[in-house]
Structures are given as structure tokens and as C-alpha cells.
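*Asks:* To start, I am sharing the structure in question, which I have written as C-alpha cells.
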Amino acid sequence: MSALHRSLRLSSSLGAVSRAFVQQGSPVKHLHTSMKTQYAAANSPPPAEGFMPGVANSKLIKHTHHDALRNPELAGVANGETKKMNTFQAVNDAMSIALATDDTACVFGEDVAFGGVFRCTMGLSEMFGRDRVFNTPLSEQGIAGFGIGLAAMGSTAIAEIQFADYIFPAFDQLVNEAAKYRYRSGGEFNVGGLCIRTPCGAVGHGGHYHSQHPEAHFAHTPGLKVVVPRSPIQAKGLLLASIRDRNPVIFMEPKILYRAAVEQVPVGDYELPLGKAEILTQGKDLTIVGWGAQLYVLENAIQIAQKKMPGLSVELIDLRSILPWDVETVCNSVNKTGRLLIAHEAPKTQGFAAEIASTVMERCFLRLEAPIQRVTSYDTPFPLIYEKFHVPDMIRCAEGIERAMKF
């Protein structure tokens, strides 16, 4: 990678951090609106994490203490307190708990000692010390390699790759070293203490190098786990589980949800299960599978489809874990509904929807009433000015629902 590219990345990172500090005093409930107004008035670029309208009013978001703790997966903190947090605050809270409960845990990456581009590590270096929360050189291969070494010596390594688009220089370390470490040593050694956090996904203006959703690249690798949360409650519980899991985990955080998604999050220490999908809405006519920010697009698409097809009953599933993925939950649902739609931000060819579709075809073929629908981004490099046409929006997803139901 050229020195010029690195310099531009560094300038962009510092600029994003500076803009985040400007907004630090804004109340969370007004943050989205105030930021949008400020940037529009100043005729300057929007914030790095972008805007995602509609999330605040989503039924998938747990706005109250009661709604948050009604989830049976949170039984361990059912009698505890909750606190209003957005996604980056929930991620920060998870890392704070991990550092406080594990003396071997370290957080490191580009700019993390300063709080990070998206503020996910704000205050951690002051609280736990610069020997446990520290910056690294601009070298993703080095960050991953260092994390592997740290984990191999028994420590808990929480590494940040600043954007998922920049994870590819670390690909060899993650796929050929981290994923195979336990296997090639016959179980004598492992790097199970390694967790790689990385912001991912479209933000409305990211272009080629700040918008990709590369989960499928790693889903082909035995020995890794891949996780994508949809909300603050999910982010905290899944991140703590990923940090403590005894396998290397790649934790992909949809950056457009860092501030857009706000929930009442349990303040206690809790984990959510890896490899287990969650059924968000029960239905009998159509199964829809998604993960991350795409779930809010699908929620809106379902509402559009139900206006055209009154009485349509849809089962919406958040996959949560890409590797391993919950085959049983998805197939049980498809055997009930007879129809399946999968949506994701990554390109269509060899996207993870293809793996889901193939498995469902093998296991549910005689129960299918229509061809499986995949609604994805197009097979092109991620465009800048055409981003809103590139990613699957609610209209394209609603059209996919209609195709499935009218076959």
C-alpha cells in the first residue's frame, strides 16, 4: 500500500476523531439530528458513520427497561439496571467489562488510545492504562500478527481493524495462522483469546474503501468465528461472548448503527450465544434472513409488502453468527413457511446468502413453494455516488418478497 494512501487514511481518521469530539456534548437523543443539521449547514461531509433513518422508531429496538429485559437470553441480568446507550457506547461498555474482569486483556489498534475513529474506545486508556489500551502502527498485518502472538501466550487480545475494508492485509495472518493454530499443533497451543473488532458496511458516502461487508471471505475458513450484531444490546452481549470464546472471532460492527441504534442496555455483565440465530417476528408465509443493519431495511420492506398483500405473515430471523451459522433455526422456519428470502450488503456471487440457499435446498427441497430469493448488492466494486442504488434497499427487498409470494 502506497505512502500516499496511508497518509490519506491517517488524515481521514484524525478528521473523523476531531468531528466526533465536537459532538461529544450532544445528548444522544438529539445527536443524529444535530449532526445532520450541522454538516448540512457547514456544507461539509457527513460523519464517518453516516445516517440511517428509521432505526429510532424500529420495533426491533428495545426502548424501555421492560422490553430490554424481557428477552430470555438476558435472564442473568433480568433483575438488573439498564442504561440508554447507542451501539458504540455498548461496544465500549463490553470492552470495559472485559478489561475489568480479565487482567490479561488488552485493547489495541490504530488510534484506539485516542478513542478511535468511532469513539468505541473512549476513556479506556485513561481507565485501564496505556499498557493495556494502546495505539499500533498503520499495519493491519502487524495488528493481527501481534494479536496472535499475544493470544498464543495466554492473554486476551482485543484488536481493532479500523475499517473492515482494511482487513485484507491481515488475511494471511487470520486465515493461515489464527484459524489453524490449534489444529496444526494437535490442540497443544491455541489463539482462542483473539478477537478482531472491525467496523463494516455502507454509510452512504464511503466509496470503495470504507463500505464493504466482507463476512463471506472469512466464512469459508474453518477455525474462525464470524459475528455481526444488529443493536446495542446485541453488540454488548455478543462482543463479550466473542472476547471470551476460546476460538478466534472476527466481530463485524455495522458502523452506520454506531449512533443510529439506541437502546436500554443492561449495565451488568452478560453474554449472548454465538452460533444461535434469533427469531425477531414469528410468521407462517415467508422466512426472511438477514444480519446487521440490513434487518432494519427488511423490517421496512415487510411493511411495504404487507400493504400490497394484506395478511402476509413473515418470519424475520437475525442470523447474528455467520460462522458457525444456525442451520437448524433457519431450516425449521423454511419447513414451516415454504419460502425463503435472504438479504445482505455484500455482492451476490459467493455472498453468504449462497451458502444459506444451498443448505436450505439440500434440507428443505420438498417443502419449498418458490425459488429462494437473494437480495444483495451488485457484483461491482462499491460505488461512491451510486451507493444508494448498489445496496439492497427496502424497495428491492419488497420486490423480492413479492416474487417469492407470487411464484
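*Asks:* For the chain, modelled as a GNM with alpha-carbon contacts under 10 angstrom, which of 358, 96, 242 fluctuates the most?
*Replies:* Largest GNM mean-square fluctuation: 358.
*Asks:* For the chain, what does the relative contact order come out to in percent, with C-alpha contacts under 8 Å and a separation of six or more?
*Replies:* Dividing the mean separation by the residue count of the chain yields 16 percent.
*Asks:* Next question. Rounded to the nearest 500, what is the 222 nm mean residue ellipticity of the chain from helices alone, with -39500 (n - 2.57) per DSSP H run of 4+ residues and division by all residues?
*Replies:* Details: 15 runs with 155 residues, N = 407.
My calculation for the chain gives -11500 deg cm²/dmol from helical runs alone.
*Asks:* Then there is this: Defining a contact as two alpha carbons under 8 Å apart and six or more residues distant in sequence, what relative contact order in percent does segment 94-238 show?
*Replies:* It rounds to 21 percent for segment 94-238.
*Asks:* Moving to a separate point now. Please state, rounded to one decimal and in Å, the Kirkwood hydrodynamic radius that segment 179-219 gives when every pair of distinct Cα atoms enters the mean of 1/r.
*Replies:* One decimal place: 12.8 Å for the Kirkwood radius.
*Asks:* Let me ask you something else. Expressed as a rounded percentage, what relative contact order does segment 342-407 have, with Cα pairs under 8 Å and six or more residues apart?
*Replies:* That works out to 41 percent.
*Asks:* So, one more: Hey, what's the Kirkwood Rh for segment 74-131 if you take every pair of different alpha carbons, in angstrom?
*Replies:* Working: mean 1/r = 0.0806 Å⁻¹.
When all Cα pairs of segment 74-131 are included, the Kirkwood radius is 12.4 Å.
*Asks:* Right, next: With the alpha-carbon atoms as the only input, what is the per residue convex hull volume for segment 206-356 in Å³?
*Replies:* 132
*Asks:* Which one of 351, 365, 382 has its Cα pushed farthest toward the positive end of the charge dipole of segment 310-399, where Lys and Arg give +1 and Asp and Glu give -1 at the Cβ?
*Replies:* 365
*Asks:* So, one more: How much FRET efficiency would the formula 1/(1 + (r/R0)^6) give for residue 308 and residue 172, where r is the Cβ-Cβ distance and R0 is 51 Å, rounded to 0.05?
*Replies:* Here the calculated transfer efficiency is 0.60.
*Asks:* Sticking with this structure for a sec: Let me check something: with ligands and nucleic acids excluded, how do 407, 51 order by accessible area (1.4 Å probe), largest to smallest?
*Replies:* 407, 51
*Asks:* Given the pairs 62/348; 308/406; 307/348, which span a C-alpha to C-alpha distance of over 20 angstrom in this model?
*Replies:* Beyond 20 Å between Cα atoms: 62/348; 307/348.
*Asks:* Which aspartates and glutamates, if any, have their Cα less than 15 Å from the Cα of residue 59, not counting same-chain residues under 8 positions apart?
*Replies:* 67, 263, 278, 299, 315, 318
*Asks:* Moving on. With springs only between Cα atoms under 10 Å apart, run a GNM on the chain and tell me which of 260, 94, 370 wobbles the most.
*Replies:* 370
*Asks:* Still on this structure: Would any residue of segment 245-286 have its amide N under 11 Å from a label point 7 Å out along Cα→Cβ of residue 395? List them or say none.
*Replies:* No residue qualifies, since no backbone N sits under 11 Å from the label point.
*Asks:* Per the 1.4 Å probe, what fraction of the accessible area of the chain, in percent, lies on carbon and sulfur atoms?
*Replies:* Carbon plus sulfur share of accessible area: 56 percent.
*Asks:* Ok, one more. Taking only Cα atoms and a 10 Å spring cutoff, compute GNM fluctuations for the chain and point out the largest among 237, 283, 193.
*Replies:* Looking only at 237, 283, 193, the biggest GNM fluctuation is shown by 283.
*Asks:* Let me ask something else. Need one word for segment 105-209: rounded, prolate or oblate. Basis is the Cα gyration tensor (sqrt eigenvalues a ≥ b ≥ c); a/c below 1.5 gives rounded, then a/b vs b/c decides.
*Replies:* In terms of gyration-tensor shape, oblate.
*Asks:* Could you please state, rounded to a whole Å, how far the C-alpha centre of segment 104-140 is from the C-alpha centre of segment 257-334?
*Replies:* If you average the Cα positions of each part, the centres end up 32 Å apart.
*Asks:* By DSSP, what percent of the beta bridges with both residues in the chain are antiparallel, rounded to the nearest 5?
*Replies:* Looking only at bridges with both residues in the chain, the antiparallel portion is about 25 percent.
*Asks:* Expected output is a single nm value to one decimal: the length gained when fully extending between residue 57 and residue 348, i.e. 0.36 nm times separation in residues minus the C-alpha distance. What is it?
*Replies:* Value of the extension gain: 101.8 nm.
*Asks:* If you don't mind, there's one more thing I want to ask. In debye, nearest 20: dipole of the chain around its Cα centre with unit charges on the Cβ of K, R (+) and D, E (-)?
*Replies:* That gives the chain a dipole magnitude of about 780 debye.
*Asks:* For residue 361 and residue 66, compute 0.36 nm times the residue count separating them, minus their Cα-Cα distance, and round to one decimal in nm. Intermediate results must be reported in sequence, preceding the final value.
*Replies:* On the way: separation 295, 0.36 × 295 = 106.20 nm, distance 3.93 nm.
Result: 102.3 nm gained on full extension.
*Asks:* Further, regarding this structure: Can you put 307, 276, 255, 225 in order of accessible area, largest first, using a 1.4 Å probe?
*Replies:* On the way: 307 170, 276 85, 255 0, 225 40 Å².
Most to least solvent-accessible, the answer reads 307, 276, 225, 255.
*Asks:* Round to the nearest 10 and report in Å² the accessible area of residue 270, as given by a 1.4 Å probe over the protein chains' heavy atoms.
*Replies:* Its heavy atoms expose roughly 10 Å² to the probe.
*Asks:* I've got another one for you. With charges only on Cβ, +1 for K and R and -1 for D and E, what is the dipole size of segment 219-276 about its Cα centre, in debye, rounded to 20?
*Replies:* Around 120 debye, computed over segment 219-276.
The values are calculated or read from the model by the stated rules, or taken from the named source; none is laboratory data. This one's a predicted model, so the numbers in the text were calculated from it and none came from an experiment. Note: ideal-geometry Cβ built from the backbone for every residue, glycine included; neighbour counts use all protein chains shown. To get the accessible areas, we keep the full protein, side chains included, count just its heavy atoms, and leave off ligands, DNA and RNA. Shrake-Rupley method; radii C 1.70, N 1.55, O 1.52, S 1.80 Å.
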